[in-house]
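Asker: Have a look at the structure that comes next, please.
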Amino acid sequence: MCGPIRAGADKVVVNTNAVRNPALIADIARDFGGQCLVVSIDAAPDDSMPSGYRVMIGNAMEATDRDALDWAREAVAAGAGEIMVNSTENDGDRRGYDLKLVRLIAEAVSVPVIAMGGVGKWEHFVEGIEQGGADAVAAGNIFHYTEHSTKKAKEFMAAAGVEVRDSGFYKVDMPRRPKYRAYA
């Protein structure tokens, strides 16, 4: 685990290995502090679970016997500084976050919750914060497979009244290539 921290990462995200070895959470939190540790939870709807969601691992290909809400609480108790929650049903389909799942986790834990999975339009970011109760939102496909940018996403969220961190990258003055003199 030292590698990513020594290389300059300020956070690491664990998922499958944390489920398989829950002591990993406490080990990372003890060695680096809970603020460095994000536990990511992939959850699938499942009415047989008390919360209605089952924890999935291995890129959401393997079902576990864990309830998503219980696992989120356990991860926080072990030292997780943040929880990132992803609905396996919504991930990649562009219909928005599973707001019920996000709200369930956000209301149950005392650490920041990051909503993930399903963003297809800017409104979904705002919904994740306002309706889901997430502290932060994440997305992939809307940026990877479209002409959308994080700058535009933040502008939309700010216009909707959501407090967002300014994108410093877009304000950096890039040095221009020096003009070369022609030699005679």
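What follows draws every value from the coordinates through simple rules; no lab data is involved. None of these values were measured; they are calculated from a predicted model. Here Cβ is always computed from backbone atoms with ideal geometry, including for glycine, and neighbour counts include all displayed protein chains.
Asker: What residues of the range 82-115 lie in the reach of a label at ARG165, counting those whose backbone N is under 17 Å from a point 7 Å from the Cα along Cα→Cβ?
Answerer: 82-84, 112-115
Asker: Under the definition of Cα pairs under 8 Å and six or more residues apart, what whole-number percent is the relative contact order of the range 58-110?
Answerer: Relative contact order for the range 58-110 comes out at 40 percent.
Asker: Set the Förster radius R0 to 45 Å, insert the Cβ-Cβ distance between GLU155 and GLN35 as r into 1/(1 + (r/R0)^6), and round the FRET efficiency to 0.05.
Answerer: Between GLU155 and GLN35 the formula returns 0.95.
Asker: Okay, moving on. Which one of ASN141, LEU104, SER87 is farthest out on the positive end of the charge dipole of the range 1-147, using unit charges on Cβ (Lys, Arg +1; Asp, Glu -1) and the Cα centre as origin?
Answerer: Projecting each Cα onto the dipole axis, the largest value belongs to ASN141.
Asker: Continuing with this model, one more query. For a quick protection proxy, order the peptides 60-73, 114-127 by their average other-Cβ count within 10 Å, most packed first.
Answerer: Sorting 60-73, 114-127 by mean packing, highest first, produces 114-127, 60-73.
Asker: Separate question: Past 22 Å, Cα to Cα, is the threshold; run LYS100/LYS151; LYS100/LYS121; LYS121/LYS152; LYS121/LYS154 against it and keep the listed order.
Answerer: In this structure, LYS100/LYS151 exceed 22 Å between Cα atoms.
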